[in-house]
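*Asks:* This is the structure, below, for whatever I ask next.
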């Protein structure tokens with residue numbers, strides 16, 4: 001129970017890696033609050049975990065809208081108390097042609113895949129600074145350091161997450177707050193499924209280049225995130241932790 | 001108990017980060033064997049920790065000694081399921097005055113054993129279709145500081161070795177990772193810090209967390225990477241440096 005006594009806040013907790021974090025952290029003893037835009041899935045998840053005896057709650061929030069996001073956050077804190085751990089996980093894919101891409105599309109994409117990590121920090125840092133304790137994990141991607149064709153501008157946002165995490169780590173270290181990014185490789189999530197549907201040839205390719213011949217599971221990514229959040233990782237900060245079955249060790 | 005049923009083999013386990021790794025692996029339920037050239041501290045630690053820990057004197061620079069030790073510990077505890085390459089020494093050389101022998105001696109300790117232990121441990125791991133190797137690198141693998149020639153080269157090489165081993169052994173579900181500590185308060189570090197006035201103060205002043213790390217804080221990360229909680233982590237370099245690697249001078 002490495003998260004006993006903690007209150008974890010997760011964005012995009014209804015499905016995929018986010019869902020695995022919510023479940024895994026609850027099992028490690030944390031109270032868990034999450035936001036998402038998918039009411040149906042979120043409510044089902046909360047009901048299931050509550051029935052199993054875990055402390056889990058949800059508020060609908062659009063993490064690209066600060067007013068909406070902060071009011072959901074305030075409600076969550078009012079029931080479970082100050083947040084001690086946070087995971088900025090909400091995100092989506094982007095496959096754009098740099099010429100065709102429209103400015104509104106760019107703005108709405110970066111609002112979700114990059115800026116919402118700042119919002120998470122803005123919301124949870126005040127209490128963490130006060131208590132001189134906290135750990136934040138921002139979900140980046142292998143695309144934060146190496147990419148594949150057709151991922152413009154996804155990689156820019158994910159690279160941004162790594163840089164944002166580094167600066168927060170330097171600035172908040174004096175308060176004992178740790179900030180890291182975790183970068184998954186090819187992971188069997190709804191996001192991956194949608195990518196494979198968009199680019200049908202990619203599945204066989206991705207499997208053929210995976211050093212262990214398989215994709216990761218959301219649980220395997222969540223295990224790493226939960227470890228980095230925990231006190232067992234007390235000297236880990238400003239790091240980008242790859243969880244990709246060694247894919248990033250390989251070119252092509 | 002993350003490591004129940006495991007047999008973890010640690011090099012340089014008598015002191016410092018190695019000792020902390022031996023202790024944490026034991027606490028997580030593993031049988032732990034370790035080699036070191038420091039017989040006094042090795043025997044003392046093994047005696048303190050009891051029958052699930054075995055110490056054998058061996059220099060990692062000698063394949064003959066290392067392989068003999070490896071046979072002894074597998075005879076006692078069964079096949080090795082996890083390896084931690086931790087043995088190492090500092091090197092602060094001038095490239096002009098450094099001798100060929102000094103170069104050879106240094107790389108024989110800080111780099112080559114990563115291969116030698118892989119050579120010994122991989123056959124059983126391949127057969128089992130499972131295994132985890134953790135190599136202790138350093139912040140010097142990516143960023144360094146004046147006066148660390150050729151330490152940075154050896155530690156960068158450990159990253160390269162890790163990558164290739166990870167790619168080649170992945171099909172056997174054998175995972176290979178590096179853990180790269182920053183300033184950790186071991187005897188090695190304390191020796192370096194006290195060698196010059198003001199080093200300790202300067203070292204603390206650049207730490208994003210305002211302090212240096214403890215050996216156990218590295219050990220906890222190593223134990224995690226050895227465990228079945230880390231089944232999709234391979235080829236990675238996990239920094240345990242209190243954020244120092246995120247900072248430019």
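The values are calculated or read from the model by the stated rules, or taken from the named source; none is laboratory data. These numbers were taken from a predicted model, which means no experiment stands behind them. Note: ideal-geometry Cβ built from the backbone for every residue, glycine included; neighbour counts use all protein chains shown.
*Asks:* Are any residues in the stretch B:88-103 closer than 14 Å to residue B:147 by Cα and touching a strand residue (DSSP E or B) at 6+ places or on another chain (Cβ under 9 Å), and if so, which ones?
*Replies:* Within the stretch B:88-103, B:91, B:93, B:95, B:98 meet the criteria.
*Asks:* Moving on. Filter the stretch B:195-210 for residues that are under 23 Å from the mean Cα position of the chain (by Cα) and over 14 Å from residue A:238 (Cβ atoms) and give the result.
*Replies:* Correct list: B:203 only.
*Asks:* Take the stretch A:54-92 and flag every residue that is under 17 Å from the mean Cα position of the chain (by Cα) and loosely packed, with under 15 Cβ neighbours inside 10 Å.
*Replies:* Result: A:60, A:92.
*Asks:* Quick one: how many residues across the stretch B:77-110 are under 22 Å from residue B:14 (Cβ atoms) and surrounded by fewer than 21 Cβ atoms within 10 Å (Cβ to Cβ)?
*Replies:* Final tally of qualifying residues: 7.
*Asks:* Give the stretch B:216-240 a look and list any residue that's closer than 19 Å to residue B:171 by Cβ and either at the interface with another protein chain (Cβ under 8 Å from one of its Cβ atoms) or under 13 Å from the mean Cα position of the chain (by Cα) (or both), or say none.
*Replies:* B:230, B:231, B:232, B:233, B:234, B:235, B:236
*Asks:* In the set A:185, A:163, which member is closer than 30 Å to residue A:134 by Cβ, within 19 Å of the chain's Cα centre (by Cα) and free of Cβ contacts under 8 Å to residues at least 24 places away in the same chain?
*Replies:* Of the residues listed, the single one that is closer than 30 Å to residue A:134 by Cβ, within 19 Å of the chain's Cα centre (by Cα) and free of Cβ contacts under 8 Å to residues at least 24 places away in the same chain is A:163.
*Asks:* Filter the stretch A:142-182 for residues that are assigned to a loop (DSSP other than H, G, I, E, B) and more than 14 Å from chain B (Cβ to nearest Cβ); which is surrounded by the most Cβ atoms within 10 Å (Cβ to Cβ)? Quick ask: steps written out before the conclusion?
*Replies:* Here is the first cut: in the stretch A:142-182, the residues assigned to a loop (DSSP other than H, G, I, E, B) are A:145-152, A:176.
Applying the additional criterion that residues be more than 14 Å from chain B (Cβ to nearest Cβ) yields A:147-152.
On the way: A:147: 16, A:148: 16, A:149: 8, A:150: 15, A:151: 18, A:152: 14.
Only one residue fits best here, namely A:151.
*Asks:* Answer with yes or no whether residue B:56 is at pLDDT 95 or above, more than 22 Å from residue B:224 (Cα to Cα) and not in a helix (DSSP H, G or I).
*Replies:* Considered against the rule, which asks whether it is at pLDDT 95 or above, more than 22 Å from residue B:224 (Cα to Cα) and not in a helix (DSSP H, G or I), residue B:56 comes out as yes.
*Asks:* Does residue A:227 satisfy being assigned to a helix (DSSP H, G or I) and closer than 21 Å to residue B:139 by Cβ?
*Replies:* yes
*Asks:* When you scan the stretch B:193-215, how many residues do you find that are at the interface with chain A (Cβ under 9 Å from one of its Cβ atoms) and without any contact (Cβ under 8 Å) to a residue 24 or more places away in the chain?
*Replies:* Looking only at that region, the number is 1.
*Asks:* Quick check on the stretch B:63-75. Is at least one of its residues surrounded by fewer than 21 Cβ atoms within 10 Å (Cβ to Cβ) and in a loop (DSSP other than H, G, I, E, B)?
*Replies:* No, there is no match, as no residue in the stretch B:63-75 is surrounded by fewer than 21 Cβ atoms within 10 Å (Cβ to Cβ) and in a loop (DSSP other than H, G, I, E, B).
*Asks:* With within 30 Å of residue A:174 (Cα to Cα) and out of contact with any strand residue (DSSP E or B) (no Cβ under 7 Å at 6 or more places or on another chain) as the only criterion, which of A:230, A:249, A:208 stands out?
*Replies:* When all the criteria are applied, what remains is A:230.
*Asks:* While we're here: Out of the stretch A:205-252, which residues are more than 8 Å from chain B (Cβ to nearest Cβ) and under 20 Å from residue A:30 (Cβ atoms)?
*Replies:* Across the stretch A:205-252, the qualifying residues are A:218, A:219, A:222, A:225, A:226, A:228, A:229, A:230, A:231.
*Asks:* Condition (residue is in contact with a strand residue (DSSP E or B) (Cβ under 9 Å, 6 or more places away or on another chain), within 9 Å of chain B (Cβ to nearest Cβ) and either part of a helix (DSSP H, G or I) or crowded, with 18+ Cβ neighbours inside 10 Å (or both)) applied to the stretch A:185-197: is it met by at least one residue?
*Replies:* yes
*Asks:* Within the stretch B:207-222, track down each residue that is crowded, with 16+ Cβ neighbours inside 10 Å and farther than 11 Å from residue B:17 by Cα.
*Replies:* B:207, B:208, B:209, B:212, B:221
*Asks:* Output the residues belonging to the stretch A:1-12 that are closer than 22 Å to residue A:231 by Cβ and in contact with a helix residue (DSSP H, G or I) (Cβ under 9 Å, 6 or more places away or on another chain).
*Replies:* Selection gives A:1, A:2, A:3, A:6, A:7, A:8, A:9, A:10.
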